[in-house]
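Student: I am attaching a structure below and will ask some questions about it afterwards.
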Amino acid sequence: MVIGAFVLVGLLVIGFVYEQVSRRRDTRRPYPGEMIDVGGYRLHFTDDGQGTPTVVIIHGAGDCSYSWMHIRKELSKFTRVITYDRAGMGSSDPGPEPIPEHTVKELHSLLSATGASGPYVLVGHSLGGLIARLYASEYPNQVAGFVFLDSTHESLKDDVKFKKGFAMIGFMTKILRLVSPVGFPRFLGNVLGIIPMFGNEISYYKQQLSAEEFRQWKERVYSIMSGKTAGLEFKGAWAHLDAAANQLQNSLEKPPFGDLPIAVVNNPGFGAHWIEMQKELASRSTNHIHKTSDHKGHSLQMPRPEYVIEAIQHVVEQVQERNGQTLAESYQEPAIV
């Protein structure tokens, strides 16, 4: 009994030292992108490629822009693309509580600060899809098209099963935060290859990144697990659902987005009802496409990046056709100096 207690204490001490050393090493490692002030705190963002329209990727709850590194690279080959981490996520500074008013204002402040002119193609994954629609409600003239990737649907605010699932995720984030100081999440990821919320999607992502990029992504995930913002984002999802549902209900235009280009891609793992909700999202414009992936996984940009890239390119081309452009005309090679 006493020996077991000594062993446990020893393991906790080793884990604590391992975690602290790892965190100090992480802070010294250079990361892609820049930091930009959005009104009292800074956001981490990347800005790549040339041309119009600018694609803006809005990550899901508890996630960050580092989950989109491979997508960003491919998109930058044919247009300008911006990724960013919301306050307290990824490499961004802590900021206001992630409620709808703040997430929408934060995105608008970021885009204004970068100088990227709209209208934009908003790519929203999961909670990011709700943020994209709320942004469009606040700044309708700044949105040229949407890509919804396994986007959270407004009707889920009254879904008991969904509420229980979110409650479980919220509980898991609390547990991970509690055990993070002794290196448990890092041990799971680095030694056992297990990162909660990503499942077997990790194996796909590892193949698509360099060893350094994959290390950067894992470090940002561990950082998120050790903080409180991920839990607040999952909790704040309900306020986003309510706000988006009210927006949809009060929309005077039918369909709500007219003929704005929309592409929807979803994973098949959440069942037939989820797929029907995704089809409904697509139907909010007369100009839409919808596709269900043949691989399970909520972070579908990892198992099926080609589906995501095709959907985004489709919407970009639709926007360019409206503007009398072609993909080649829109893209301008950076000047050689």
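Student: Order of 277-288, 22-33 by packing, highest average Cβ count within 10 Å first?
Tutor: Going by the mean number of other Cβ atoms within 10 Å, highest first, we get 277-288, 22-33.
Student: Relative to the present Cα-Cα distance, how much length would full extension add between GLU101 and SER210 at 0.36 nm per residue of separation?
Tutor: 35.6 nm
Student: Please name which of LEU176, HIS125, GLN208 has its Cα lying farthest along the dipole of the chain towards the positive end, using unit charges on Cβ (Lys, Arg +1; Asp, Glu -1) and the Cα centre as origin.
Tutor: Result: LEU176, furthest along the dipole toward the positive end.
Student: So how do THR46, THR83, THR229 line up by other beta-carbon neighbours within 10 Å, fewest first?
Tutor: THR46, THR229, THR83
Student: Charges only on Cβ, +1 for Lys and Arg, -1 for Asp and Glu: so what's the dipole of the chain about the Cα centre, in debye to the nearest 20?
Tutor: In total the dipole reaches around 1140 debye.
Student: Another question, if that's okay. What does the net charge come to around ILE275 if you take all other residues with beta carbon closer than 11 Å to its beta carbon, with K and R at +1 and D and E at -1?
Tutor: Combined, the nearby Lys, Arg, Asp and Glu give -1.
Student: Report, in order of residue number, the helices in the chain meeting two criteria: a C-alpha extent of 27 Å or more along the helix axis, and a mean Kyte-Doolittle hydropathy of at least 0.5; treat each whole DSSP H run as one helix.
Tutor: Answer set is 2-28, 160-179.
Student: Also, quick follow-up: Given Cα pairs under 8 Å that are at least 6 residues apart, what percent is the relative contact order of the chain?
Tutor: 21
Student: Can you tally the net charge around VAL308? Count Lys and Arg as +1, Asp and Glu as -1, for every other residue whose Cβ sits under 12 Å from the Cβ of VAL308.
Tutor: So the surrounding residues net to -1.
Student: Step through the table entries LYS77/LYS206; LYS206/LYS279; LYS105/LYS235, compare each Cα-Cα distance with 29 Å, and write down the pairs that go over it.
Tutor: Beyond 29 Å: LYS206/LYS279.
Student: Still on this model: Peptides 51-61, 173-183, 266-276: what's the order by average Cβ count within 10 Å, highest mean first?
Tutor: So the order, starting with the most tightly packed, is 51-61, 173-183, 266-276.
Any read-out appearing in this document is the output of simple, stated calculations on the displayed coordinates, not a laboratory observation. All figures in this text were calculated on a predicted structure; none of them were measured in a lab. Positions of Cβ are generated from backbone atoms using ideal geometry, with glycine treated the same way; all protein chains shown enter the neighbour counts.
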